[in-house]
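To start, the structure itself, in structure tokens.
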Amino acid sequence: MKHTTIPASGTILITGGGSGIGRASAHGFLDAGWTVVLAGRGRPALDETAEDHPHAHVIPADITDPADVERLFDYIGTEVGRLDVLFNNAGTFGPAGAVDEIPMAAWEQTVSVNLTGSMLCAAAAVRLMKAQQPQGGRIINNGSISAHAPRPLSAAYTTTKHAITGLTKSIELDGRPYGISCGQIDIGNAATALMENIGSGPGALQPDGTRRTEPTFPVEEAAEAVLFMAQLPPSASVGTMVITASGMPFIGRG
């Protein structure tokens, strides 16, 4: 089969497109001339992201529901025509607690959103990318620096983000015969609404039990990194990119 070259502008699906990194990425891709399909549970937030842009498609969907995922990708295949990139971005921080403190329902919900939802979307994307002509595409999974090192009391979130690394590597390996590549971006302390307490107020809980404010960086810079990964030619692929706020306590001892 003839494999596609990833165009400078193409079609991308962004899950979790209603806020934070998903919203910033959507704006970056739209500004770069891409067609952007926005998926998420809440239509009002997705509409705010789309801003009535002519190249934005808003499709409310629950990525943990296989029927919703099938409907989402059926829309892309029939109404948009092809998919060049999937940005598996939707996720939840889940419960705060050590492994012996997490309610089972909260654990299962975190796994469902962060891991199973990413798998369902990746599986549907691979099926579409195999079938479309020219064949191929790219998947970018939003991991986290928690895929490398946890914060305190984050057993559920950290476990799912480590699992995303395994999913990423498996997709990359299995997608090779079809011109499908897969990479992971691990972002630390991007300045989103969910991270407000990191850079101000009480700050983030540290391993020694204290709280400390930490540096953050503009979420638009994380979005630019996603765009860079998406626009690489098929001869190159980023396996893992780690992008953090300069000086945050990640490397070394703080």
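The values are calculated or read from the model by the stated rules, or taken from the named source; none is laboratory data. Everything numeric in this text was worked out from a predicted model, so none of it was measured. Glycine also receives a Cβ, built like all others from the backbone with ideal geometry; neighbour counts cover every protein chain displayed.
Before moving on, here are some points about what is shown:
- Inside the range 217-236, residues that are surrounded by fewer than 16 Cβ atoms within 10 Å (Cβ to Cβ) and part of a loop (DSSP other than H, G, I, E, B) make up a count of 5.
- Subset of the range 84-105 [farther than 28 Å from residue 175 by Cβ, surrounded by 13 or more Cβ atoms within 10 Å (Cβ to Cβ) and among the hydrophobic types (A, V, I, L, M, F, W, C)]: 93, 96, 102
- Selected residue (criterion: surrounded by the most Cβ atoms within 10 Å (Cβ to Cβ)) from residues of the range 171-204 that are at pLDDT below 90 and within 19 Å of the chain's Cα centre (by Cα): 195
- Residue identified as out of contact with any Pro (no Cβ under 7 Å at 6 or more places or on another chain), in a loop (DSSP other than H, G, I, E, B) and within 30 Å of residue 9 (Cβ to Cβ) among 90, 124: 90
- Test: residue in the range 65-83 that is of a type outside the set (Ser, Thr, Tyr), part of a loop (DSSP other than H, G, I, E, B), buried (at least 23 other Cβ atoms within 10 Å of the Cβ) and at pLDDT 95 or above: yes
- All of (1) out of contact with any helix residue (DSSP H, G or I) (no Cβ under 8 Å at 6 or more places or on another chain); (2) at pLDDT 95 or above hold for residue 149 with one exception: (2).
- Of 74, 65, all but one fail to be over 23 Å from residue 181 (Cα atoms) and free of Cβ contacts under 8 Å to residues at least 24 places away in the same chain; the exception is 65.
- Test for residue 108: is it under 21 Å from the mean Cα position of the chain (by Cα) and closer than 30 Å to residue 151 by Cβ: yes
- Index of the failed condition, residue 198 passing every other in (1) more than 30 Å from residue 81 (Cα to Cα); (2) touching a residue at least 24 places away in the same chain (Cβ under 8 Å): (2)
- Matching residues in the range 128-174 - criterion: being hydroxyl-bearing (Ser, Thr, Tyr), in contact (Cβ under 8 Å) with a residue 60 or more places away in the chain and within 30 Å of residue 79 (Cβ to Cβ): 168
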